[in-house]
Every structure is written in C-alpha cells, then in structure tokens.
Amino acid sequence: MEPASLLHLTRPDRARPEPLSVQLYRDLLAAIAAGRAQGSLPSSRAAAEALGLSRNTVNAAYDLLRAEGAVATSPGAPPRIIAPPVGDRRLAPNSRGLPQLHPRGRAWGAVERSGPGLMAPGHPDPALFPRDTWAMALRRATRQSSADSLGYAEYSGLPRLREVLARRLAADRGMDLHPDQILVTPGSQSSLALLALTLAGPGDPVLVEDPGYGGAKAAFAGAGLVPMPIPVDDEGADCRQAPPARLVYLTPANQYPLGCRLSLGRREMILAYARQHEAVLIEDDYDSEFLWQGRAIAALQGAAPERVACIGTVAKALMPALRLGWIAAPAHLAPGLRAAQRNLGLAANLHVQAALAEMIEQGHYRAHLHRIARIYGDRGRAFAAALRALPGVRVGDPAGGVQLAMRLPEGTEGLAHAALRAAGFGCAPLSGFCLGAPRSGLVSGFAEATPERIARFCAVLGQVLSAQTAP
C-alpha cells in the first residue's frame, strides 16, 4: 500500500475532545492492528499537508506509534509499519467482546441499595450539618498538621483521633479497648470490606441478619464469602439454628432495617456461639447515638473484646460525604488489620480526622448530637403516626436510628415503591433486604421528614394503597 493512500484511514476532527495527535495515533494503530495498513506511513511533512495538520501534531502521533512498537523509524526514511506477529495480542483486535467484570466484581453491585431521593434510609438531614463549627475545626486542623501525619506514618488514623475515640467509645458505649485497637477508615463500607477480605476466605460462610443491611451482604459476597441468613424477630437476630461460620454480622443496638434491639438472652446466645465456633462478631454500631425509647444497651464489644470487631461512622451524626469511620478491633488482630489496611489503600482523609478530633475534644460533637437527636426523634414519631393512619400500614414508633421499616399489604410493595420514587423519595423495598422469604414493605428515612414531606409521602402511599383496596 502506498504511504499516501494510508491517509484515508484517519479523519482527525477538531470538534472531538481528544488532541488531534491522539486521534491520528489511535486511527492508525487500529488500521495496523486490523491488517489494513502495511508498508510505510507517509512522511510527517506529506501527512501534515494532506490532513491539514501541523508537523508537530503528526510527529507526536508517530512517536506514540513507535513507542507502541507499531512502526520503526530511521533518519531520512518514512516510518515503516511493523505488523504484529501471529499470536501477539498487543495490537490484535478484541475478538471476544469487551472485558467483563469477574463474578466477584459483579457481586459487589448485586445487592439492592437505596438510591438518591428524599428520606432515603439512613440519610441525615444535610440542612442540620454544623457548617460553621466544622469549617473552624477544619481550618485549625489544616494549619496544625504535623510532618508525620502528612506522610504514611499514621495510615491507620491520627493518634489524637484514636485517643479521643477510645475515650468516647469507652464512656458512651461501654467498650474495652486501647487506642491502638482503633483503625480509622473511609467509612463503614470500607471497614466491612477490610474485615471481609482479611478474616475469612472465598467460600467461607458468614452469618448475616435477615432482613439485613445490603452493604454488608455486598461486601461479603464481593470478598467471595457466602452470606447465610439468621432470622430476625422482635428480640433481634436468632442464632439458635445457625450453622458454623467464621464471621457473624450484627446490628445489635438498632437492627437494620427493622429497628429492634438485640435482647439480653440473644446477646448471650450469640456470644456463646462465637466462643463455640471461634467466630469473629462484626458489630455494626452505625447509629447508636440516636435512641428514642428506653435506655441504651452497651456494645457487645465490651463483653467479648477478643471476639468482637466493632465498626462505627459519623455518616449519620454528621454527613456521609465526610467518608470517615472506624474499626475497634480485637487487640491480637489489630496489627494484621493495620498492615492490610495500608496495602488496600483504605486510609481516611487526614484533615477530616483532625477536625473530628477537635470537635469531640471541644464538646461541639456532643452538643451537635443533642441538638439533632431532639429534631430527629420528633420527626420519626410524627412520621410513624402519619403512616399508621393509612390503610394496611403496620409500623411502630422508632426505638432508635433514623429509618423506619413499614409493613404493607401483600402485592403493594412494588407499586408503592415505584410511585414514591417517581415522587422524589429515596425509600427502598423491604424485600430487597431479605435473603430468605421476602417481607412486603418499605424502608424510609425520617431525618429529613419535615411536616410537608411527611404529608406528601403519605399522600402518594395512601393513593396507591387505596387503589389496591378499592372494590
């Protein structure tokens, strides 16, 4: 093929976002890989004149081809095309289609999660975020950052934050731990991923509450583990018939999504199970700050610190976008988890850590919790009362947390979910939280449940339910 005739194989277009040199390179590389270009390319001068480009642009494209091993150049001669050897896949076209996710990769996204929208489960009210207080703490943290903290020396968390967290968790949650047992992470989901990847292997069973948190099931399935359900009733998770497993995931302070607490009898059963089967209990303490009925129960970690890895987050108390959580790990597991955390790149932002430590030490964090707790508690009770006025809806006042699970008449879940999502609400179907027999209902947050939003939510849901029960 004559060099000049190769120019019909490329059409650089200034309207495209890629640089012209990259367009030329890609077009010619594709032609060479497909065997449509053989012999030599035109000189950079001839190509520039024919294509209306500068010689620098053409030379840049030819340099990329030479680096790819697609052409060879010598002084005074046009670039010579090097056909890829038989079996060389560097330049060969993909004959089997586009690359696909591995089944483990698909497992990370296979569990249904709540989407964007008002009153999504577990979402705080962004209007209540203490912007001014946080900004002052963040500015101070940025100015006072040490040289060590700016590198890799404190990858598992700033010592100051680990110390204040250890004091707070001991005082508020009854935990038994040293600051060295705390790993600061980018949030609960990364904490779950780290524990799933390090405490069990592909094919190992892990017990999860049913219904239960979809993010945990996604993390375990993505790590190659096999989630197995343990049923949940009004006393929490029931492990009496549970098979042996290396890991057990629980939300004992406020079961997600049903909102019940793990009873004393069930706590003793699950601790006995962990000792019998040498299992690690993953205690998700995701929103224990919010309690609307009765007294708080101490964390499981305090009863068996050598068997419980407790995870927490500021996603509900402050904002999910801060990407800040922690693991209170058993002392003998903490060193290995720290090493794995670094190798997996699961570090939290330095300045966010320092700002949170500042807020806790100065009392601003606790004051913020008290303020929003009053608001959220009132909103949750008002939302539940409005829902109970609708035909066929079963829901109690929230005991804790910032979401409600409401039971609906059979056959209405899908229609109600679709109608509410179309109206801008981020609720999720209760059946999506189930591993075993599905339960019909919806899970909705109430942190953003203003009177106007409650009225609109109930109007949409009531219209669906009334249409289904009409003769």
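The values are calculated or read from the model by the stated rules, or taken from the named source; none is laboratory data. Nothing here was measured: the structure is a model prediction, and the numbers come from that model. As a convention, Cβ positions derive from the backbone with ideal geometry for all residues, glycine included, and neighbour counts pool all protein chains shown.
Annotations for the structure displayed:
- Taking first residues from the range 304-324 that are without any contact (Cβ under 8 Å) to a residue 40 or more places away in the chain and partners that are small (Gly, Ala, Ser), the Cβ contacts under 6 Å between residues at least 6 apart in sequence or on separate chains come to 307/274.
- Filter result for the condition that a residue is closer than 17 Å to residue 121 by Cα, in contact with a strand residue (DSSP E or B) (Cβ under 6 Å, 6 or more places away or on another chain) and of a type in the set (Gly, Ala, Ser), over 405, 399, 422: 405
- Residues that are out of contact with any strand residue (DSSP E or B) (no Cβ under 7 Å at 6 or more places or on another chain) and either of a type in the set (Gly, Ala, Ser) or surrounded by fewer than 21 Cβ atoms within 10 Å (Cβ to Cβ) (or both), drawn from the range 316-332: 317, 319, 320, 321, 323, 331, 332
- If you check 135, 153 for being of a type in the set (A, V, I, L, M, F, W, C), assigned to a loop (DSSP other than H, G, I, E, B), surrounded by fewer than 14 Cβ atoms within 10 Å (Cβ to Cβ) and assigned by TED's automatic domain parsing to the domain that holds residue 290, only one passes: 153.
- Residue within the range 363-375 that is within 17 Å of residue 135 (Cβ to Cβ), touching a residue at least 40 places away in the same chain (Cβ under 8 Å), surrounded by 14 or more Cβ atoms within 10 Å (Cβ to Cβ) and of a type in the set (Val, Ile, Thr) present: no
- Taking the criterion of being under 18 Å from residue 404 (Cβ atoms) and outside any helix (DSSP H, G or I), the residues of the range 439-471 that qualify are 439, 440, 441, 442, 443, 444, 445, 446, 447, 448, 449, 450.
- Look at (1) assigned to a loop (DSSP other than H, G, I, E, B); (2) within 26 Å of residue 241 (Cβ to Cβ); (3) within 24 Å of the chain's Cα centre (by Cα) and you find that residue 304 fails only one, number (3).
- Which numbered condition residue 230 misses (of (1) surrounded by 24 or more Cβ atoms within 10 Å (Cβ to Cβ); (2) within 21 Å of the chain's Cα centre (by Cα); (3) free of Cβ contacts under 8 Å to residues at least 24 places away in the same chain): (2)
- Residues within the range 267-293 that are over 24 Å from residue 244 (Cα atoms) and either part of a strand (DSSP E or B) or of a type in the set (Phe, Trp, Tyr) (or both), tallied: 4
- Some residue of the range 123-141 being within 30 Å of residue 307 (Cβ to Cβ), at pLDDT below 90 and among the small types (Gly, Ala, Ser): no
- Residue list for the range 1-29, filter: touching a helix residue (DSSP H, G or I) at 6+ places or on another chain (Cβ under 9 Å), modelled with pLDDT under 85 and not in a loop (DSSP other than H, G, I, E, B): 3, 4, 6, 7, 9
- Looking only at residues in the range 179-206 that are in a loop (DSSP other than H, G, I, E, B) and within 14 Å of the chain's Cα centre (by Cα), the one that is nearest to residue 245 (Cα to Cα) is 187.
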